[in-house]
Each structure stands twice: as structure tokens, then as C-alpha cells.
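Structure first, commentary second.
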Amino acid sequence: MTVVLPRPDGTTTVHTPRTEPLALSPGAPLVSRTVFSAAHVVADPFADVSIDDPAVVDWEATLAFRRHLWAQGLGVAEAMDTAQRGMGLDWAGAAELIRRSSAEAKSVGGRIACGVGTDQLPPAGHGSADGALKAVRAAYEEQLALVEESGSQAILMASRALAAAARGPEDYLETYGHLLRQATEPVILHWLGPMFDPALEGYWGSSDLDAATDTFLEVIAAHPDKVDGIKVSLLDAQREIDIRRRLPEGVRCYTGDDFNYPELIAGDEPGTGGRFSHALLGIFDPLAPIAAEAVRVLDTGDRQGFRALLDPTVELSRHLFERPTRYYKTGVVLLAWLAGHQSHFTMVGGLQSARSLPHLARAYELADGLGLFPDPALAESRIKSLLHVHGAAQ
């Protein structure tokens, strides 16, 4: 059997699907790296909502996918992705997601960290800067309290409201210092670049990344006991390497670089400093089985075997995260549907329409080539049904 896939230039290509998936199975717990997947949310396809309404979550499928990630040995990074926060899922929905996923994590012994932000605030208005900053702190505090009460680790996410209100680096230093002093347990700090969210341009008080980095590191240096680690999502491998070499002892770097993750997780060559990145990645949602197997290989000291497993996945990741990067979850949810993790391809905010048919067809082709689909025949049937609905004859 073959699948006729549309290309961006209007031509088609014929793909012959695999008949067997890549042979992988859950094994021992991961040891050498801490790995989180930023898990997607499954929307209810039968909810009678418009694109402007709050999302209605398919809770059964959403929590089942988290159990899948935990079964692979990965942690779940919950309610922090831009495709969940500010792009279809409001704060009330995110709060319920945090409560339910945290309870589920306790029941199965899974690791979980949850996003703390300010998205319950209305769009930036015209009040005073001091008033806006006070509102930002209060919003962060509300969400931090909820995450801590749920028993999960907190991830202090970058805030659109803070980016709009801050007058310079001092406002970031004061705001984050205030929050870190309140946190009961060490948190993960998240620096999300504007390629993921244009509203975060100039975060940390400057569009000059060197100056912004200095401010970011100043926050950490002032409160190293309250920072478990940092998640860097700038898609700039050398900058991440430079940052992690400047971190205080004991503060981890969790790569958020979905373009360069194999070399960043593998880390420095032996004898050159010994620094490496842990992982908190959106691409490890569809790649969970391969990612977990690769880290288990790395646990044995086999860097070459680790790279041999993970390097071939980068082409798929770069495709899913191509510009506009903030819509990468469309491909991620497509792959979850094709893999049989959910019965439909419906996203919060209607974002299943955020990518073109040729983009989705290429995502299927690359994932199938990697052997990602547990049932290749099911994936073939489902991609053909999607293509048929859009008028692509088979």
C-alpha cells in the first residue's frame, strides 16, 4: 500500500508506509538526565463551542496521554505550553488541568512540574507601571499557590503581562526575587524566546540577548537555593551552552531547544568541563519512546549510541517547529492521533487548522520513517482519511 502526499509546491509524492514500528519498550528508570515532556491537551471534539470560547477538554484522553509519558519514564511538564496558555486554554482550564494531572501523577508515581504564569490578567491596559507590576505579582502568586497546593513542582513561566509592564531589568529582578522568596520549594525558571511568543520580545529588560542573559543570571545568583534549574527556549545552542557554564553549582539547565537537543543533552565532550543539559521539550511529546530509550543508552555511558537514536529525529522536530514556531503543537497533536493515543484530531482553539495540509503530510512521512507509530496501518488509514477530507485523492 502507498500514500499520495501533497507537497508545498503543488506536486505530490508517493510514500510507502513502514509495516513495523521501531522496536522499543519501556525499561529501567532514567538516571543520568531528568527529562520532561511538555504534554499536549486533547480537546473535546463534540463540544458545541466556537473558536472564541474557552476550550472544553477531553479529560479521559488528556490524562491517558500523560500516563503514556510516565510509562516511558518521562516527567510531564504541565500547563505551560504556549499552545495551551493564551492560545485556547484560559486560566480556569489550566487550573483544572493542573489539579487533575497532579492527582494523576500521585496515583502512578509520575514526575510532574506545572506552569505558573499570569494569563488570568486581561490584556495590558493604560494604568500606571507600578499598578501593572503589582497585578503581575498577584497573578503569579495565585498560580504559584495553586501549583504548590497540588503537590507539583513550579515552573515560573515568562509573562506577557510582565514584558508589557516592565520598565527595565530592575523590574524583572524585583518581580522574580519577590516570587522566589515566596516559593516553598526550588522552581524551574523559563526563558521563552519571541519565536515561540512574539509578545515576549525584550524579556529580562533588553532585546540585546547578552544583556538579557546577564539579568537572567543575576536573578539566579541572588537565589540559587530557590532555583532547581532553568529552561532555555531560544533555539540557540551556543547561547544555552554559554549560559549553563555560568550557572551556580547545583542549578540545572533543562534544554528547551527543539532544534539542537541531541548535542545539548549529550553535553560537553569528556574532559572539557562536564556540563550538559537535562530536557524539558515539546518534541518529546511525540518522541517519548525514542527519547526514553536514548537516555537509557546514555545512562550506560554510550554517547554514540545515544546520538544514533536521537539524531535522526531532529529533521522531524525542525519540521514541526518551523516558523511560525508557536503553531508547532498542530503537528504534535496530529502525530498523537495517528499513533492511536486519541480518537480524533481536535485542538483547543481550533488550532488543528494552524498548519497546511502539505506540512501535516510531511510530518506523517517523517514520523513513519522513524517508526514512531505503534500501528503503522492505523496511521496510514488515518492520514488517508485526513487527506481525503481535504480533497487529496489516493
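The values are calculated or read from the model by the stated rules, or taken from the named source; none is laboratory data. Because the structure is a prediction, the values reported are computed rather than measured. Here the Cβ is made from the backbone with ideal geometry for all residues, glycine too, and neighbour counts use every protein chain on show. For the accessible areas, the whole protein counts, side chains as well, though only heavy atoms, and no ligand, DNA or RNA atoms are used. Shrake-Rupley method; radii C 1.70, N 1.55, O 1.52, S 1.80 Å.
Against the numbered list (1) under 22 Å from the mean Cα position of the chain (by Cα); (2) over 18 Å from A38 (Cα atoms); (3) hydroxyl-bearing (S, T, Y), S128 comes up short only at (1).
Kindly indicate whether A237 is at pLDDT below 95, open to solvent by less than 50 Å² (accessible area, probe 1.4 Å) and hydrophobic (A, V, I, L, M, F, W, C). Criteria met by A237.
Need at least 2 residues that are in contact with a Lys or Arg (Cβ under 6 Å, 6 or more places away or on another chain) and touching a residue at least 40 places away in the same chain (Cβ under 8 Å) per element, so show me which strands (runs of 3 or more DSSP E) inside region 226-289 make the cut, counting only ones lying wholly within it. Please lay out each step first, then the result.
Working: elements: 227-233, 252-255, 278-281.
Per the criteria, 278-281.
Somewhere in region 329-344, is a residue outside any loop (DSSP other than H, G, I, E, B), open to solvent by 10 Å² or more (accessible area, probe 1.4 Å) and more than 19 Å from R382 (Cα to Cα)? No: zero hits.
Sub-9 Å Cβ pairs linking a first residue in region 162-173 that is more than 11 Å from A132 (Cα to Cα) to a second residue that is surrounded by 23 or more Cβ atoms within 10 Å (Cβ to Cβ) and among the acidic types (D, E), at least 6 apart or interchain, number zero.
Please determine whether any residue of region 68-88 is surrounded by fewer than 15 Cβ atoms within 10 Å (Cβ to Cβ), of a type outside the set (F, W, Y) and within 28 Å of L360 (Cα to Cα). Among the residues of region 68-88, at least one is surrounded by fewer than 15 Cβ atoms within 10 Å (Cβ to Cβ), of a type outside the set (F, W, Y) and within 28 Å of L360 (Cα to Cα), which makes the answer yes. Would it be correct to say that A377 is hydrophobic (A, V, I, L, M, F, W, C), closer than 12 Å to A339 by Cα and open to solvent by 10 Å² or more (accessible area, probe 1.4 Å)? Here the answer is yes, as A377 does meet what is asked. Taking the criterion of being surrounded by 23 or more Cβ atoms within 10 Å (Cβ to Cβ) and of a type in the set (D, E, K, R), would at least one residue in region 304-326 satisfy it? Checked region 304-326: no residue is surrounded by 23 or more Cβ atoms within 10 Å (Cβ to Cβ) and of a type in the set (D, E, K, R).
For region 1-52, the set of residues classified as under 24 Å from S356 (Cα atoms), of a type outside the set (A, V, I, L, M, F, W, C), open to solvent by less than 30 Å² (accessible area, probe 1.4 Å) and not in a strand (DSSP E or B) consists of P17, H40, listed by residue number. Are there any pairs, at least 6 apart or on different chains, whose C-beta atoms fall under 6 Å, with the first in region 46-59 and closer than 16 Å to R100 by Cα and the second in a loop (DSSP other than H, G, I, E, B) and of a type in the set (D, E), and if so, which? Correct list of pairs: V56/D44; D58/D44.
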